[in-house]
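Remarks on the structure that follows.
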Amino acid sequence: MAKTGLLILTNPSTINHVLPIAKKYVGKTLYVHLSQQRHLIPPWISKTDTSFKPPNFRKIVVGIYSQTMALCQNLDVRILLSSIKYPLQKSIETKQKIDVVIFDKKYSCDEVHNFMQSYLTNKNTPCEVVTINETSKQNHNSQNVLNENDDYLDFSQLVKDDSKIYDNVVLGGTFDRLHSGHKILLSEALLHCSKRLTVGVTDLNMLKSKKLWELIEPCEKRISDVHDFLADVDCELQYNIVPISDPFGPTKEDPNLQMIVVSSETFRGGQKVNELREQKGLSVLDILKIDMLETVPLDESVEETKVSSSNYRIRLLGQRLREPELKTHIPLKPYLIGLTGCIGSGKSSIGKRLEGLGAGVVNCDALAHILYRKGQPCYLSLIEHFGRQILDDQEEVNRRVLGSIVFNDKEQLAKLNSLLWPAILGLAKEEALKLFKKGHDVVVLDAAVLLQAGWDNDCHEVWACIIPPEEAVRRIQARNNLSKEDAESRISAQPSNLEMVSQAHVVLCTLWEPEYTQKQVQKAWDNLQNFLKVRGKL
C-alpha cells in the first residue's frame, strides 16, 4: 500500500464510489485534485453546453470532507485548493511525494503519460497509476504540460454564494488533531482569502474547560499541523498562525482584518469580536458562519453527534498513545504495568477490572502499611529518624502521628519517602514474581506514587487513570467525609492529570458509566495482548 496518493477527481458526485477504492491503495495521505483541464476534463465543463454554470466549489469541498468522515476516517484527505483558485498554474504541487496517482475515469495512454511527465512535480519513482473504472495499474517513472490555450474556470466565479473575496481573513480554534470539520473551516477561509490568512490557536490556559483537555496536543504541534495543512492545499497565501490566550487574539488589534470565519457554535464569539473592535475604533469584520458537521457517534452514551476533537480524545482512552521503550535493566517477564492515578480517580477499580481479565495485581499502597509493622526493616529506621513519639501503646507506628509530622514539613516528608519507597518497590517486585510463577505473564503495580517514586523506570509501561479535579473532589468528600478544602489539598499534593498523561502509554478515565470504563480496559488489554504476541515473534 502506498503512503501518499493523488486522486484526480473530475466528477465530485462520484466521491462515494471513489473514496473506498482509493483507500485500498493509500495508507496515510490522499490529495484530491479537482481537474479543470481540457484533456482531464470534468463533466461539468463543456464547450458545447451553453447552459454551463460554474460549480459551487464550497459545496463540493464540504461534500468531499463530509464523506471522508464516513468512508475513510483514518485517511488524511486534503483537497488542493490551488488548482481551484489559481487555474493557470502549470503544475500540481504537494509537500509530500506522491506514490500513486488515481484517476476517476479512463484516459488515453498519451493523456496519462503527458500528465505524469509534465504536471506532477513531486512524485516518487516509480509512481503507480490506477484507473478506478477498470482498476488497471501501470507504472510511470515520469513527470506533465498544460496546453496554454486550455480554458479555465475564473476563480472570481467559484463562490457564487458568499462570493466576496478578502485580502485579510481570520479564524481561530483549538485545532486538536485536525479532522474534517477543521479542514472545512480552514478551506472556507482559504476560498475567501486572496493575500493573508491569520489563524489563532488556543493556548493552554484556554483549554481547561474542554473534555479530556489533558489529551489535547501541545500548542506548538497544533500550530505546526495547521500551517502544514494550509501551505499544502494553498501554497500562494501568507500565513500568520499564532497562539492565543484569550478569545479575541489578533482580532482585538489588527486593523487590516476584514472577515472572520466562525462555526455555528462560535458565532456569538464572532459578534463579541466586532463589539470589541467597535469599542477600539477598528472596522467591524464580515462574519462567515459555517454549520457544524453532524456525525453518528461510536458510543452515544459518551460522544457528541457533531464532528469534534473531544470525540477523538474519548476514542484515545484505552489506546496506546506511544510505543513503550525496551528496557534492558528489567526482565521481559513478568510484563509490568505501572498503574497510577490521583486519589478519587478510580485507579483501584481499574486494577480490579484488569485482574478480572487475567492480570496479576500488586497493591503498592497496601504494601506500605506492611512496612510500618514491628519487625519490618523500615520499622527501626522510622524510629531512628522520627523518634519513639511515633509509636502507640502497642509500640506499633501510629501513622496519624507520623502524618502530622511530615504533612507540613517537606524535608521530613522527603526523608519518610526515602525510607519507604525503595522498600515498597522491593516488596512489589517480590510479589510480582510470585504472581508470575502462578501464571500471570502481566502484572500490574497499582501505585498512586508511581511517578514521584520513580518506579515507572522499573515498569515496562505506564497506564494513567485521570478524572477532572472537581469530580475527584466530589468523590473524596463523599467517600472520606472530608471538607472541600481538605479534598482539594490532597489532590494538589499529587501529580496533575497533565503530568501523568505526559508519562503514560495508556490513559483511562472513569468519568462515565462503569460499562464504558470496562470498554476502555478491555480495549487496552486486547491491544496489550496483541503487542506482546507480536513482540514474542520478533
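Residues being among the hydroxyl-bearing types (Ser, Thr, Tyr), in a helix (DSSP H, G or I) and over 18 Å from GLN452 (Cβ atoms): count how many of those fall in the range 470-527. Quick ask: steps written out before the conclusion?
Pass one, the range 470-527, residues among the hydroxyl-bearing types (Ser, Thr, Tyr): 483, 489, 492, 496, 502, 510, 516-517.
When the remaining residues are screened for being in a helix (DSSP H, G or I), the result is 489, 492, 502, 516-517.
So of that shortlist, the ones also over 18 Å from GLN452 (Cβ atoms) come out as 516-517.
Counting residues in the range 470-527 that are among the hydroxyl-bearing types (Ser, Thr, Tyr), in a helix (DSSP H, G or I) and over 18 Å from GLN452 (Cβ atoms) gives 2.
Step by step: first the residues of the range 490-538, then only those that are under 19 Å from ASP441 (Cα atoms) and of a type in the set (Gly, Ala, Ser), then the one that is surrounded by the most Cβ atoms within 10 Å (Cβ to Cβ). Which residue is that? Walk me through it before giving the result.
Residues of the range 490-538 that are under 19 Å from ASP441 (Cα atoms), as a first pass: 505-506, 521-538.
Still in the running and of a type in the set (Gly, Ala, Ser): 524, 536.
Details: ALA524: 24, GLY536: 9.
My answer is ALA524.
Okay, residues lined up against (1) of a type outside the set (A, V, I, L, M, F, W, C); (2) farther than 17 Å from CYS342 by Cβ:
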| site | (1), (2) |
| --- | --- |
| LYS429 | yes, yes |
| LEU451 | no, no |
| ARG474 | yes, no |
| ASN480 | yes, no |
| LYS484 | yes, no |
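Scan the range 468-484 and report the pairs whose first residue is polar (S, T, N, Q) and whose second residue is open to solvent by 50 Å² or more (accessible area, probe 1.4 Å), with Cβ atoms within less than 7 Å and a gap of 6+ or a chain change.
Between residues of the range 468-484 that are polar (S, T, N, Q) and residues that are open to solvent by 50 Å² or more (accessible area, probe 1.4 Å), the close pairs are GLN477/LYS484.
Give me a count of the residues in the range 397-417 that are surrounded by fewer than 12 Cβ atoms within 10 Å (Cβ to Cβ) and not in a loop (DSSP other than H, G, I, E, B).
4
Out of curiosity, is ARG277 among the charged types (D, E, K, R) and either surrounded by 15 or more Cβ atoms within 10 Å (Cβ to Cβ) or outside any loop (DSSP other than H, G, I, E, B) (or both)? Even if it seems obvious, please write down each step before you answer.
Details: among the charged types (D, E, K, R): yes; either surrounded by 15 or more Cβ atoms within 10 Å (Cβ to Cβ) or outside any loop (DSSP other than H, G, I, E, B) (or both): yes.
Yes, satisfied.
Let me confirm something: among ALA428, ALA423, ALA368, which residue is open to solvent by less than 40 Å² (accessible area, probe 1.4 Å) and either touching an Asp or Glu at 6+ places or on another chain (Cβ under 8 Å) or within 30 Å of LYS523 (Cα to Cα) (or both)?
Details: ALA423 fails: either touching an Asp or Glu at 6+ places or on another chain (Cβ under 8 Å) or within 30 Å of LYS523 (Cα to Cα) (or both); ALA368 fails: either touching an Asp or Glu at 6+ places or on another chain (Cβ under 8 Å) or within 30 Å of LYS523 (Cα to Cα) (or both).
From the options ALA428, ALA423, ALA368, the qualifying one is ALA428.
Assess whether THR295 counts as being open to solvent by 20 Å² or more (accessible area, probe 1.4 Å), modelled with pLDDT under 95, of a type in the set (S, T, N, Q) and more than 21 Å from the chain's Cα centre (by Cα).
Details: open to solvent by 20 Å² or more (accessible area, probe 1.4 Å): yes; modelled with pLDDT under 95: yes; of a type in the set (S, T, N, Q): yes; more than 21 Å from the chain's Cα centre (by Cα): no.
So THR295 fails the test.
Please identify the pairs in which a residue from the range 206-220 that is in a loop (DSSP other than H, G, I, E, B) has its Cβ atom under 7 Å from the Cβ atom of a residue that is small (Gly, Ala, Ser) and buried (at least 19 other Cβ atoms within 10 Å of the Cβ), counting only partners at least 6 apart or on another chain.
Short answer, once both residue conditions are applied: LYS210/SER310; LYS211/SER310; LEU212/SER310.
If you scan the range 256-270, which residues turn out to be buried (at least 16 other Cβ atoms within 10 Å of the Cβ) and in a loop (DSSP other than H, G, I, E, B)?
LEU257, GLN258, THR266
Determine which single condition LEU288 fails, assuming it passes every other condition in (1) surrounded by fewer than 13 Cβ atoms within 10 Å (Cβ to Cβ); (2) not aromatic (Phe, Trp, Tyr); (3) not in a loop (DSSP other than H, G, I, E, B).
(1)
Out of everything in the range 166-192 that is open to solvent by 10 Å² or more (accessible area, probe 1.4 Å) and either assigned to a strand (DSSP E or B) or aromatic (Phe, Trp, Tyr) (or both), what residue ends up being farthest from TYR86 (Cα to Cα)?
GLY173
Okay, residues lined up against (1) modelled with pLDDT of 95 or more; (2) surrounded by fewer than 18 Cβ atoms within 10 Å (Cβ to Cβ):
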{"position": "SER194", "(1), (2)": "no, yes"}
{"position": "LYS210", "(1), (2)": "no, yes"}
{"position": "GLU214", "(1), (2)": "yes, no"}
{"position": "CYS235", "(1), (2)": "no, yes"}
{"position": "TYR239", "(1), (2)": "yes, yes"}
{"position": "VAL242", "(1), (2)": "yes, yes"}
{"position": "GLY249", "(1), (2)": "yes, no"}
{"position": "ASP254", "(1), (2)": "yes, yes"}
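Which number in (1) open to solvent by less than 20 Å² (accessible area, probe 1.4 Å); (2) more than 25 Å from MET206 (Cβ to Cβ); (3) charged (D, E, K, R) marks the one condition that ARG313 misses?
ARG313 satisfies every listed condition except (2).
Report the residue count in the range 19-46 for those that are modelled with pLDDT of 90 or more and over 24 Å from LEU230 (Cα atoms). Break it down stepwise before answering.
Of the range 19-46, the ones modelled with pLDDT of 90 or more are 19-33.
Remaining after also requiring over 24 Å from LEU230 (Cα atoms): 20-21, 24-25.
The qualifying residues number 4.
When you go through (1) open to solvent by 10 Å² or more (accessible area, probe 1.4 Å); (2) part of a strand (DSSP E or B) one by one for GLN394, which number turns out not to apply?
(2) is the only condition that GLN394 fails.
HIS140 - would you say it is touching a Cys at 6+ places or on another chain (Cβ under 6 Å) and modelled with pLDDT under 95?
Working: touching a Cys at 6+ places or on another chain (Cβ under 6 Å): yes; modelled with pLDDT under 95: yes.
When the stated conditions are applied, HIS140 passes them.
What residue, of LEU190, LEU237, LEU204, LEU197, is under 13 Å from VAL170 (Cβ atoms), touching a Cys at 6+ places or on another chain (Cβ under 8 Å) and not basic (Lys, Arg)? First the steps, then the outcome.
On the way: LEU190 fails: touching a Cys at 6+ places or on another chain (Cβ under 8 Å); LEU204 fails: under 13 Å from VAL170 (Cβ atoms); LEU197 fails: touching a Cys at 6+ places or on another chain (Cβ under 8 Å).
So the residue among LEU190, LEU237, LEU204, LEU197 that is under 13 Å from VAL170 (Cβ atoms), touching a Cys at 6+ places or on another chain (Cβ under 8 Å) and not basic (Lys, Arg) is LEU237.
Condition first: in contact with a Gly (Cβ under 7 Å, 6 or more places away or on another chain) and more than 30 Å from GLU253 (Cα to Cα). Can you find one or more residues in the range 312-323 that meet it? Outline the logic, then answer.
Initial filter on the range 312-323 (in contact with a Gly (Cβ under 7 Å, 6 or more places away or on another chain)): none.
Checked against the condition, which is being in contact with a Gly (Cβ under 7 Å, 6 or more places away or on another chain) and more than 30 Å from GLU253 (Cα to Cα), the range 312-323 yields no hits at all.
Tell me which residues, restricted to the range 82-99, are in contact with a Phe, Trp or Tyr (Cβ under 8 Å, 6 or more places away or on another chain) and either closer than 13 Å to TYR119 by Cα or open to solvent by 50 Å² or more (accessible area, probe 1.4 Å) (or both).
TYR86, PRO87, LEU88, LYS90, SER91, ILE92, THR94, ILE98
Any chance you could count how many residues in the range 216-230 are more than 13 Å from LEU178 (Cβ to Cβ) and either open to solvent by less than 70 Å² (accessible area, probe 1.4 Å) or in contact with a Gly (Cβ under 7 Å, 6 or more places away or on another chain) (or both)? Break it down stepwise before answering.
The first filter runs over the range 216-230 and keeps only residues more than 13 Å from LEU178 (Cβ to Cβ), leaving 218-220.
So of that shortlist, the ones also either open to solvent by less than 70 Å² (accessible area, probe 1.4 Å) or in contact with a Gly (Cβ under 7 Å, 6 or more places away or on another chain) (or both) come out as 219.
Residues that pass the stated criteria total 1.
Could you list, in sequence order, the residues of the range 411-441 that are within 23 Å of GLN529 (Cα to Cα) and either in contact with a helix residue (DSSP H, G or I) (Cβ under 7 Å, 6 or more places away or on another chain) or among the aromatic types (Phe, Trp, Tyr) (or both)? Step through it out loud before you land on a result.
From the range 411-441, those within 23 Å of GLN529 (Cα to Cα) are 428-429, 431-441; that's our starting set.
Result: ALA428, PHE436.
How about the range 459-487: which of its residues are under 29 Å from the mean Cα position of the chain (by Cα) and open to solvent by 30 Å² or more (accessible area, probe 1.4 Å)? Full working, then the answer.
Step one: list which residues in the range 459-487 are under 29 Å from the mean Cα position of the chain (by Cα), which gives 459-475.
Result: PRO468, PRO469, GLU470, GLU471, ARG474, ARG475.
The values are calculated or read from the model by the stated rules, or taken from the named source; none is laboratory data. Please read these numbers as outputs of a predicted model, since none were measured by experiment. Every residue, glycine among them, receives a Cβ derived from its backbone with ideal geometry; neighbour counts consider all protein chains shown. For accessibility, only protein heavy atoms count, side chains too; no ligands or nucleic acids. Shrake-Rupley method; radii C 1.70, N 1.55, O 1.52, S 1.80 Å.
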